[in-house]
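*Asks:* I'd like to ask you about the structure that follows.
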Amino acid sequence: MPNGRIYYVNCRYDGDLKHVGVLLVEQYNDLDKALELLLGGDIESLRDDLESTVRASHLDYDELIDCDLKEASCLGDYLLNANGEYKYLFDKGRWYVVSGLCESDCATPLRRPLPLAKAIEIWLM
């Protein structure tokens, strides 16, 4: 998060831990790969490599949509504006997941970043 800003794209399908979460940890686990993934814009379906990843179209369902890299001023802004139940962050060399998970009692959504590898481990239990 250069300058405290959050840069993000949306992933339309299979954004949960078992698909996107696992791929981010296994295939896009360094800064260069994470940046390359973001710079391509919104994702229709994330795959094992960027060449086979399907990007979202600017013209979807006959309406023009914003598929470019987006920017948020803070975590709260990102959580409010990013699409999808699961929100992923890459910071200081590792992936985190923010929402889509619950605190230990599963009564309230998780609002602080949890290391993605740890979230996947919990999910697999």
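The values are calculated or read from the model by the stated rules, or taken from the named source; none is laboratory data. Keep in mind it's a predicted model, so treat the numbers as computed, not measured. Ideal geometry is used to build each Cβ from the backbone, glycine not excepted, and the neighbour counts take in all protein chains shown.
*Asks:* Quick check on region 34-55: of everything there that is assigned to a loop (DSSP other than H, G, I, E, B) and among the acidic types (Asp, Glu), which residue is farthest from residue 16 (Cα to Cα)? Spell out how you get there, then give the answer.
*Replies:* Of region 34-55, the ones assigned to a loop (DSSP other than H, G, I, E, B) are 40-42, 46-53.
Still in the list and also among the acidic types (Asp, Glu): 42, 48-49, 51.
Values: 42: 16, 48: 15, 49: 18, 51: 21 Å.
Here the residue is 51.
*Asks:* Shifting gears a bit: Filter region 56-74 for residues that are at pLDDT below 80 and touching a His at 6+ places or on another chain (Cβ under 9 Å); which is nearest to residue 14 (Cα to Cα)? Steps first, please.
*Replies:* Our first condition is that a residue be at pLDDT below 80; within region 56-74, this holds for 57-67.
Subset that is touching a His at 6+ places or on another chain (Cβ under 9 Å): 64-67.
Working: 64: 22, 65: 20, 66: 20, 67: 17 Å.
The selected residue is 67.
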